[in-house]
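See below for the structure under consideration.
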Amino acid sequence: MKNADFTIVTGLSGAGKTQAMKALEDLGMFCIDNLPPALLPPLVELQANQDGKTRQYAIAIDIRVREYFTDFRKSLEWLVQSGYSYHLIFLDCSDNVLIKRFSETRRTHPLSEGQVPPESIYATIATERRLLADSRVLADEVIDTTNLRPMELRSRLNEIYQGQPLYESMTVDIFSFGFKHGAPIDTDIVFDVRFITNPYYIDELRPLTGEQVEVSDYVLSFPIAQEFAKRFSDLIYDLLPAYAEEGKGKLTIGIGCTGGQHRSVAMAIELAKLLQAKGLRANVRHRETVVAEVRLA
């Protein structure tokens, strides 16, 4: 697991720096694209004036910055001398795949601008490789993106900086709601738990919510409720790697009952507990009980 003050992303044009920066931003880093190396010292000084607040930076530097070739190594040396740590990632890719990517996006290679006469794309990429050779040698991590999908690159970066597969760092957001207040439209999965006997019809439980132990114990006293909680949590755990591979950073699950006060609340809490016990990041919230508290206020 890496915990450097600065992550420097460089490499060949078209090798995936944009996707890498998006992934690092999702990991909580403050991302800056196309920063001239000479501006690293002022950035560090800005960080030093944050009143003790620590922040991890991800900075993309490549040949779009013409000063790259003279200031890059000096800036890295300056970081170390100033007491900061950095982790340098170099993104590589085969020539054929780079050319295909430029063709698909209809973008020109940064080095081809102003070339008279213009070089072939193969020659331009070869020139870039020569110019970046020193940076590749300095890199702490060389990632070849030739056969990587964007999500596989994201997963690789997650393993480097979080020390775990992407799905293990996903957040499972579970919330309870009441169907009579409207079904949610911002969920990935919705499940109806109105098959569980309703505590609303028990006088002493009616004014309570599923957050209170009396209601929770009642809801979970039914074997069908216990079986559902176990099977559903197992299913979510098994599916998370597949969701992660398709690019989801958060899975939102709505658990609904009639009013959103008893059964759905108790079940949402129980599901979050079971997923947390499996080592997952599971949050729980309650749509209707929050509304009720606001109305009471």
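Being in a helix (DSSP H, G or I), surrounded by 13 or more Cβ atoms within 10 Å (Cβ to Cβ) and not acidic (Asp, Glu) is a property that Arg101 has. Asp95 fulfils the conditions (1) surrounded by fewer than 17 Cβ atoms within 10 Å (Cβ to Cβ); (2) closer than 23 Å to Glu25 by Cβ; (3) at pLDDT 85 or above except for a single criterion, (2).
Against the condition of a type in the set (S, T, N, Q) and in a strand (DSSP E or B), how does Thr209 come out, does it pass?
Details: of a type in the set (S, T, N, Q): yes; in a strand (DSSP E or B): no.
So Thr209 fails the test.
Only one entry in Ile189, Ile185, Ile196, Ile202 is on the phi < 0 side of the Ramachandran plot, free of Cβ contacts under 8 Å to residues at least 12 places away in the same chain and either of a type in the set (A, V, I, L, M, F, W, C) or in contact with an Asp or Glu (Cβ under 6 Å, 6 or more places away or on another chain) (or both), namely Ile185. Restricting Ser112, Ser169 to residues that are under 30 Å from Gly254 (Cα atoms) and either of a type in the set (S, T, N, Q) or in contact with an Asp or Glu (Cβ under 8 Å, 6 or more places away or on another chain) (or both) narrows the list to Ser169.
Could you identify the single residue in Ala282, Ala268, Ala297 that is at pLDDT 95 or above and of a type in the set (A, V, I, L, M)?
On the way: Ala282 fails: at pLDDT 95 or above; Ala297 fails: at pLDDT 95 or above.
It is Ala268.
Considering the conditions (1) part of a helix (DSSP H, G or I); (2) touching a residue at least 60 places away in the same chain (Cβ under 8 Å), Arg130 is excluded by exactly one of them, (2). Scanning the stretch 200-240 for residues that are surrounded by 13 or more Cβ atoms within 10 Å (Cβ to Cβ) and of a type in the set (A, V, I, L, M) yields Ile202, Leu205, Leu208, Val215, Val219, Leu220, Ala225, Ala229, Ile236, Leu239, Leu240.
Restricted to the stretch 133-144, and to residues there that are touching a residue at least 40 places away in the same chain (Cβ under 8 Å) and in a helix (DSSP H, G or I), the residue that is surrounded by the most Cβ atoms within 10 Å (Cβ to Cβ) is Ser135. Applying the set (1) more than 29 Å from the chain's Cα centre (by Cα); (2) surrounded by fewer than 13 Cβ atoms within 10 Å (Cβ to Cβ) to Ile121 leaves exactly one unmet item: (2). Looking across the stretch 146-184, just one residue is at pLDDT below 80 and crowded, with 22+ Cβ neighbours inside 10 Å, and that is Leu166. Restricting the stretch 63-92 to residues that are within 13 Å of Leu12 (Cβ to Cβ) and modelled with pLDDT of 85 or more, the residue that is surrounded by the most Cβ atoms within 10 Å (Cβ to Cβ) is Leu91.
Looking at the stretch 242-253, can you tell me whether even one residue there is surrounded by 20 or more Cβ atoms within 10 Å (Cβ to Cβ) and either farther than 17 Å from Asp173 by Cβ or at pLDDT 95 or above (or both)? Let's see the steps before the verdict.
Kept after step one, since they are surrounded by 20 or more Cβ atoms within 10 Å (Cβ to Cβ), are these residues of the stretch 242-253: 244, 251, 253.
Then keep just the ones that are either farther than 17 Å from Asp173 by Cβ or at pLDDT 95 or above (or both); that gives 253.
Yes.
The values are calculated or read from the model by the stated rules, or taken from the named source; none is laboratory data. Worth saying up front: this structure is predicted, and the values here are computed from it rather than measured. Cβ atoms come from the backbone with ideal geometry, glycine included; neighbour counts cover every protein chain shown.
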